[in-house]
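Everything below concerns the one structure shown next.
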Amino acid sequence: MAQSFGLIGLAVMGENLALNVERNGFPIAVYNRTSATTEKFMAERAQGKNVKPTFTLEEFVQSLERPRKIMIMVKAGAPVDAVMNQLKPLIEEGDMIIDGGNSLYTDTERRVKDMESLGFRFVGMGVSGGEEGALNGPSLMPGGTEAAYKEIEPIVTKIAAQVDDGPCVTYIGPGGSGHYVKMVHNGIEYGDMQLIAEAYDLLKNAAGLNHEQLHEVFSEWNTTDELNSFLIEITANIFTKMDDETGLPLVDVILDAAGQKGTGRWTVESALDLGVSIPTIIAAVNARIISSIKEERVAASKVLTGPSGKYDGDLKEFVNMVRDALYCSKICSYAQGMALIGKASKELFESKVDLGECARIWKGGCIIRAGFLGKIKHAFDENPDLPNLLLAPEFKQTILDRQDSWRQVLMTAAKLGIPVPAFSASLDYFDSYRRDRLPQNLTQAQRDYFGAHTYERTDKPRGEFAHAEWF
Ligand code: NBP
């Protein structure tokens, strides 16, 4: 009997997704370029399961019921094209390929067009949640040929994480929109992680909390409506892990140099292309970049002095102020990410991307899962044309109520010489967004002065350009 789903690529993600599909009642065929990997999978984790191993792509394709649903879970980039080119002569009209890797959305755009022109169908599906999510329920962001999504809907709605308001999957929109939303999700993830790192730095180095106290504070924050989330939860747990070799908290012996892979940088590049301001996410990418020049920083630390010392006020009050600063900054970060998806939807994806649905499908399965996403969904459900999350009643009042704490925390950080690039970028975003007049009148005057670039006037309609004789 033919298998109902096929999966190519049995590395970490592919193996776990295959087991998830099978567990949910869909007989699956698998293929991996290196046969030994398939044999090992069959001998171990897939033993006794309704998984059909195949060792040539011909055998793989022939084992699937029509229209064929083939998921590719190989390294993003050239390997995806290589596998697709091998499949094209073997598959038939109406068959569909689903790319579940972290592909660049422009590659997905190209692949959708190419496959549709050949009579096939193509879905670019962002998958978030790592190894554990892939096995037990990821957040899935599929975009591309809509008719293909309808065919895979019964499967993806079962394998996705399940939350109070449904499975964490929805049809995102045409072309590369699924991978685009996954890319911005990763950018937001960068922002969340950096904001948490800055809160940790302040609590450890300004407030002087030890690892047990840090565990308590983050555990307590994880019980709050605002901050309850997977990333806060794992942060609390991290402080309890001791290093076997030194007996010290493991986090203290981990080198402070973080890498940044494609998706964070791609988010920044796309935001610059579309002209959307995402300073918190840029700060997060930048923070990883500067962290990576460890040896240079160590050398600089010997010659570039600055303030130091500890916070000398009430510690409990300070911890609460950091919590408020973290929450306000996080709201700004999500406001930026959602504004970016909103603009991309309009300019690239026929206005088809539903921002409330994006927030809903991130509520489970993925790294940024958090209670707070329910509020974002609600805000966009109430007003799908909301220009910015900061204007939503759910968030506006929170920021207005807590901005004093936020500003105090930033002043303390500056006074003690603790870098808080994402906290600062968020506050700058808030202050820039809420100001009716920014100093770019001067910028425009300079541009007109040195390059006759012209300017608009406050007392004339937008789009009417003037030029002054400055000399
Ligand atoms: P990897 O990204 O490490 O890719 C390894 C797989 O790609 C193996 O099955 C390998 O086959 C196959 N492959 C390569 Br490399 N080149 C190939 C080619 N030219 N032809 C055929 N197969 C080829 O696997 P992963 O970590 O499971 O991730 C898969 C995708 O999911 C990636 O795009 C990744 O970015 C994305 N993703 C990963 C995570 C995560 O937590 N790891 C989370 C979310 C998304 P071989 O065995 O023959 O070498």
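The values are calculated or read from the model by the stated rules, or taken from the named source; none is laboratory data. Quantities reported herein were computed from a predicted structural model and do not represent experimental measurements. Glycine also receives a Cβ, built like all others from the backbone with ideal geometry; neighbour counts cover every protein chain displayed. Heavy atoms of the whole protein, side chains included, go into the accessibility calculation; ligands, DNA and RNA do not. Shrake-Rupley method; radii C 1.70, N 1.55, O 1.52, S 1.80 Å.
Of everything in segment 68-85, what is in contact with a Ser or Thr (Cβ under 9 Å, 6 or more places away or on another chain) and open to solvent by 40 Å² or more (accessible area, probe 1.4 Å)? Give them in sequence order.
Result: A76, single match.
Just to be sure before I move on: is A414 in contact (Cβ under 8 Å) with a residue 40 or more places away in the chain, of a type in the set (G, A, S), under 30 Å from N205 (Cα atoms) and open to solvent by less than 90 Å² (accessible area, probe 1.4 Å) in the structure I sent? Here the answer is no, as A414 does not meet what is asked. Determine if segment 307-318 includes at least one residue that is touching a residue at least 40 places away in the same chain (Cβ under 8 Å), open to solvent by less than 20 Å² (accessible area, probe 1.4 Å), assigned to a helix (DSSP H, G or I) and closer than 22 Å to E198 by Cβ. Yes, segment 307-318 has at least one match. Residue check: G208 meets all listed conditions (1) part of a helix (DSSP H, G or I); (2) open to solvent by less than 60 Å² (accessible area, probe 1.4 Å); (3) more than 18 Å from G133 (Cα to Cα) but one, namely (1).
Taken as a whole, the condition of being at negative phi, open to solvent by 50 Å² or more (accessible area, probe 1.4 Å) and without any contact (Cβ under 8 Å) to a residue 12 or more places away in the chain applies to D436.
Whenever a residue of segment 255-271 is under 17 Å from G337 (Cβ atoms), its partners that are assigned to a helix (DSSP H, G or I) and among the hydroxyl-bearing types (S, T, Y), lying with C-beta atoms within less than 6 angstrom and at least six residues away or across chains, give the pairs G264/Y190.
Of all the listed residues (F450, F380), the sole one being open to solvent by 90 Å² or more (accessible area, probe 1.4 Å) and in a helix (DSSP H, G or I) is F450. Only one entry of E65, E131, E93, E109 meets the criterion of being more than 15 Å from the ligand (Cβ to nearest atom), closer than 30 Å to K261 by Cα, open to solvent by 40 Å² or more (accessible area, probe 1.4 Å) and touching a residue at least 24 places away in the same chain (Cβ under 8 Å), and that entry is E109. Restricting attention to segment 17-45 and to residues that are acidic (D, E) and surrounded by fewer than 17 Cβ atoms within 10 Å (Cβ to Cβ), the residue that is farthest from the ligand (Cβ to nearest atom) turns out to be E44. Among all positions in segment 2-16, there is no residue which is surrounded by 20 or more Cβ atoms within 10 Å (Cβ to Cβ), more than 16 Å from the ligand (Cβ to nearest atom) and in a helix (DSSP H, G or I).
How many residues does segment 237-265 contain that are charged (D, E, K, R) and assigned to a helix (DSSP H, G or I)?
Number of matching residues: 2.
Scanning segment 102-159 for residues that are part of a helix (DSSP H, G or I) and closer than 24 Å to E92 by Cα yields a count of 22.
Only one of V268, V285, V276 is outside any helix (DSSP H, G or I), under 19 Å from the mean Cα position of the chain (by Cα) and surrounded by 16 or more Cβ atoms within 10 Å (Cβ to Cβ); which?
It is V276.
Quick grid of which residues meet (1) under 24 Å from I282 (Cα atoms); (2) more than 14 Å from the ligand (Cβ to nearest atom); (3) touching a Leu at 6+ places or on another chain (Cβ under 9 Å):
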site: P142; (1), (2), (3): no, no, no
site: A148; (1), (2), (3): no, yes, no
site: K158; (1), (2), (3): no, yes, no
site: G175; (1), (2), (3): no, yes, yes
site: G191; (1), (2), (3): yes, yes, no
site: L195; (1), (2), (3): yes, yes, yes
site: Y200; (1), (2), (3): yes, yes, yes
site: A206; (1), (2), (3): no, yes, yes
